[in-house]
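Visitor: Take a look at the following structure, please.
The values are calculated or read from the model by the stated rules, or taken from the named source; none is laboratory data. Keep in mind that what you see is a predicted model, and the values were worked out from it rather than measured. Virtual Cβ from ideal backbone geometry, glycine too; neighbours counted across all protein chains shown. Only protein heavy atoms, including side chains, enter the accessible area calculation; ligands, DNA and RNA are left aside. Shrake-Rupley method; radii C 1.70, N 1.55, O 1.52, S 1.80 Å.
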Amino acid sequence: MPVRGLPPFLGAGSTWNDYVITESFTRMIPGSVTVAYEGPGHVAYLSGRKCPIRHATEYLTRLTLPEPGTTCPAE
């Protein structure tokens, strides 16, 4: 995947299923961060889970990324 010139981005994945895949793509783009959601499920933003939504909203509105290694507890 060509990543040159891309800005850092935010990934989010459930530790129960898609975190590893999401993290493998996120690591390709320097400065990017993946938030781990410690519970089941996909589409963390659309499912109403507050912690992933907070991080995604900060990124989408302010381009602010959380610290690497950030996790969200299951809700």
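Visitor: How do the peptides 30-37, 6-13 rank, highest first, by the average count of neighbouring beta carbon atoms within 10 Å per residue? Write down the numbers at each step before the final one.
Guide: Numbers: 30-37: 19.4, 6-13: 17.2.
The most tightly packed comes first, giving 30-37, 6-13.
Visitor: Looking at the square roots a ≥ b ≥ c of the eigenvalues of the Cα gyration tensor of segment 12-56, which shape do they give, rounded for a/c under 1.5, prolate if a/b is larger than b/c, or oblate?
Guide: Since a/c reaches 1.5 but b/c is at least a/b, the shape of segment 12-56 is classed as oblate.
Visitor: If you place +1 on the Cβ of every Lys and Arg and -1 on the Cβ of every Asp and Glu, how big does the dipole about the Cα centre of the chain come out, in debye to the nearest 20?
Guide: Dipole of the chain, to the nearest 20 debye: 220 debye.
Visitor: Quick one: pull the percent of accessible area on the chain belonging to carbon and sulfur, 1.4 Å probe, ligands and nucleic acids left out.
Guide: Carbon with sulfur: 63 percent of the solvent-accessible area.
Visitor: Provide the gained length on full extension for the span MET28 to THR15, in nm with one decimal, where the gain is 0.36 nm per separating residue minus the Cα-Cα distance. Don't jump to the answer; show the numbers that get you there.
Guide: Details: separation 13, 0.36 × 13 = 4.68 nm, distance 1.92 nm.
Stretched out fully, the MET28 to THR15 stretch lengthens by 2.8 nm.
Visitor: Let me ask another. Starting at the first residue of segment 51-56, write each ³J(HN,Hα) from the Karplus equation 6.51 cos²θ - 1.76 cosθ + 1.60 with θ = phi - 60°, in whole Hz, x for Gly and Pro.
Guide: 3J(HN,Hα) across segment 51-56, in whole Hz: 5, x, 4, 4, 5, 5.
Visitor: Please turn the phi angles of segment 31-37 into ³J(HN,Hα) values with the Karplus equation 6.51 cos²θ - 1.76 cosθ + 1.60 (θ = phi - 60°), one per residue in order, whole Hz, x for glycine and proline.
Guide: These are the phi-based 3J(HN,Hα) values: x, 7, 9, 10, 8, 9, 9 Hz.
Visitor: Same structure, new question: Please report, in cubic angstrom per residue, the volume enclosed by the convex hull of the alpha-carbon atoms of the chain.
Guide: 84 Å³
Visitor: Shifting gears a bit: Could I have the simple spin-label model distance between GLU58 and LEU46, label points 7 Å from Cα toward Cβ, reported in nm to one decimal?
Guide: Rounded to a tenth, the inter-label distance reads 2.5 nm.
Visitor: Moving to a separate point now. Taking θ as phi - 60°, what are the ³J(HN,Hα) couplings along segment 6-20 by the Karplus curve (6.51, -1.76, 1.60), each to the nearest whole Hz, with x for Gly and Pro?
Guide: 6, x, x, 10, 9, x, 9, x, 7, 5, 7, 8, 10, 4, 4
Visitor: Here's something else I'd like to know. Whose amide H sits under 5 Å from the amide H of VAL35, counting only residues 5 or more places off or on another chain, with H placed in the peptide plane?
Guide: For VAL35, whose amide H was placed from the backbone, the distant partners under 5 Å are GLY11, ALA12, GLY13.
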